[in-house]
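**Student:** Before anything else, here's the structure in question.
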Amino acid sequence: MDDLLVIIPTRGRPQAVPEIVQAWDDTGATADLLFAVDTDDLELAAYKKHAAVLKADSRVRFTFGKRRRLVGTLNQQAVKAAGTYRFLAFMGDDHRPRPAAMPWDARIRECLSAGPGIVYGNDLLQGEAMATAVAMTSDIVETLGYMAPPAMVHLCVDLCWLDWGRGMGRITYLDDMVIEHLHPANGKAAMDEGYAEVNSEQQVSADSAAYYDYRDGGGLEADLAKLRKLIEEAA
């Protein structure tokens with residue numbers, strides 16, 4: 001078992017599974033990889049076929065459970081894994097790590113080995129502005145009880161990760177660590193049902209409101225107080 005787990009909640013995109021595993025191979029990654037699949041997914045059978053094919057790959061695991069949306073699924077799996085792994089990461093099923101002189105997962109371990117903190121790379125879409133794929137020390141998840149504020153469903157959690165890291169004074173952006181975001185916004189993916197759902201006016205409005213309430217209503221400050229105490233205790 002590795003010390004880094006990458007959690008990928010996925011829905012409706014079974015074709016992403018072999019592409020992501022290929023990206024692991026192409027980059028020489030050794031990080032463990034967990035695909036979290038909804039049992040009501042219309043593509044469930046295709047996901048299960050991939051799980052059977054990849055059964056012998058010790059890096060790759062699948063979990064199948066009821067739909068909790070992205071944040072709910074990520075939190076469930078991150079909390080479960082936090083006691084086993086030193087580092088936890090999130091990628092969407094539309095992220096692809098790209099080759100570099102030093103493997104991306106080795107860069108993550110190196111950056112996080114000094115203690116509680118957050119690291120993210122260049123997604124070739126938002127760059128430094130948003131942590132659309134992120135890694136953190138697992139003690140952050142254990143301290144807060146979640147990897148992303150549960151009031152949000154899908155959007156704006158990348159802003160929360162920036163808020164945590166900056167508020168802790170423990171965030172690193174690696175411009176040359178490319179974890180490419182294949183998204184309709186940059187013309188690298190076609191609009192599908194999943195993108196349409198999470199980028200609907202209703203979802204944008206709901207998650208934006210939840211984020212501003214968290215940021216400005218005391219939730220962020222409460223979490224930062226816990227994280228700053230974590231840093232003090234780890235020193």
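Each reported figure results from applying straightforward, stated rules to the coordinates on display, with no laboratory input. Note that the structure is predicted; figures quoted are calculated from it, not measured. Virtual Cβ from ideal backbone geometry, glycine too; neighbours counted across all protein chains shown.
**Student:** Yes or no: Ala16 without any contact (Cβ under 8 Å) to a residue 24 or more places away in the chain, surrounded by 15 or more Cβ atoms within 10 Å (Cβ to Cβ) and not hydroxyl-bearing (Ser, Thr, Tyr)?
**Tutor:** no
**Student:** Can you name the condition, by its number, that Gln76 falls short on among (1) surrounded by 18 or more Cβ atoms within 10 Å (Cβ to Cβ); (2) within 29 Å of Gly187 (Cα to Cα); (3) out of contact with any Leu (no Cβ under 7 Å at 6 or more places or on another chain)?
**Tutor:** The single condition Gln76 does not satisfy is (2).
**Student:** Kindly provide the set of residues from the range 63-102 that are assigned to a loop (DSSP other than H, G, I, E, B) and without any contact (Cβ under 8 Å) to a residue 40 or more places away in the chain, ordered by number.
**Tutor:** Lys66, Arg68, Ala101, Met102
**Student:** Given the criteria more than 17 Å from Pro99 (Cβ to Cβ) and out of contact with any strand residue (DSSP E or B) (no Cβ under 7 Å at 6 or more places or on another chain), does Gly12 qualify?
**Tutor:** So Gly12 fits the description; yes.
**Student:** Yes or no: Val153 farther than 30 Å from Glu232 by Cα and out of contact with any Leu (no Cβ under 6 Å at 6 or more places or on another chain)? Write out each step before concluding.
**Tutor:** Working: farther than 30 Å from Glu232 by Cα: yes; out of contact with any Leu (no Cβ under 6 Å at 6 or more places or on another chain): yes.
Here the answer is yes, as Val153 does meet what is asked.
**Student:** Then there is this: Applying the selection to the range 156-202, what residues are over 16 Å from the mean Cα position of the chain (by Cα), buried (at least 18 other Cβ atoms within 10 Å of the Cβ) and assigned to a loop (DSSP other than H, G, I, E, B)?
**Tutor:** Arg170
**Student:** Output the number of the condition that Val153 fails; it satisfies all remaining conditions of (1) in a helix (DSSP H, G or I); (2) under 22 Å from Arg69 (Cβ atoms).
**Tutor:** (1)
**Student:** Please list, ordered by first then second residue, the pairs with beta carbon atoms under 8 Å, 6 or more apart or interchain, first in the range 49-62 and of a type in the set (D, E, K, R), second surrounded by 15 or more Cβ atoms within 10 Å (Cβ to Cβ) and in a helix (DSSP H, G or I).
**Tutor:** Asp57/Val21; Arg59/Trp24
**Student:** Report, by residue number, each residue of the range 55-95 that is among the aliphatic types (A, V, I, L, M) and either closer than 22 Å to Met130 by Cβ or touching a Gly at 6+ places or on another chain (Cβ under 6 Å) (or both).
**Tutor:** Leu70, Val71, Leu74, Ala78, Leu88, Ala89, Met91
**Student:** Of all residues in the range 106-139, which are among the hydrophobic types (A, V, I, L, M, F, W, C) and touching a Lys or Arg at 6+ places or on another chain (Cβ under 7 Å)?
**Tutor:** Ile118
**Student:** State all residues of the range 216-235 that are under 14 Å from Gly145 (Cβ atoms) and either touching a residue at least 60 places away in the same chain (Cβ under 8 Å) or in contact with a strand residue (DSSP E or B) (Cβ under 6 Å, 6 or more places away or on another chain) (or both); if no residue qualifies, say none.
**Tutor:** Answer for the range 216-235, where residues must be under 14 Å from Gly145 (Cβ atoms) and either touching a residue at least 60 places away in the same chain (Cβ under 8 Å) or in contact with a strand residue (DSSP E or B) (Cβ under 6 Å, 6 or more places away or on another chain) (or both): Gly219, Asp223, Lys226, Leu227, Leu230.
**Student:** Now a separate question. Just the residues that are assigned to a helix (DSSP H, G or I) and of a type outside the set (A, V, I, L, M, F, W, C), please, taken from the range 46-62. Can you show your working first?
**Tutor:** So the first thing to find is which residues in the range 46-62 are assigned to a helix (DSSP H, G or I), and the list is 46-53.
Tyr47, Lys48, Lys49, His50 - these are the residues of the range 46-62 that are assigned to a helix (DSSP H, G or I) and of a type outside the set (A, V, I, L, M, F, W, C).
**Student:** When the range 112-146 is examined, which residues are found to be touching a Phe, Trp or Tyr at 6+ places or on another chain (Cβ under 7 Å) and either assigned to a loop (DSSP other than H, G, I, E, B) or among the acidic types (Asp, Glu) (or both)?
**Tutor:** Within the range 112-146, Glu128, Ala131, Ala133 meet the criteria.
**Student:** Whether any residue in the range 4-13 is β-branched (Val, Ile, Thr) and in a loop (DSSP other than H, G, I, E, B) is what I want to check.
**Tutor:** Within the range 4-13, none of the residues are β-branched (Val, Ile, Thr) and in a loop (DSSP other than H, G, I, E, B).
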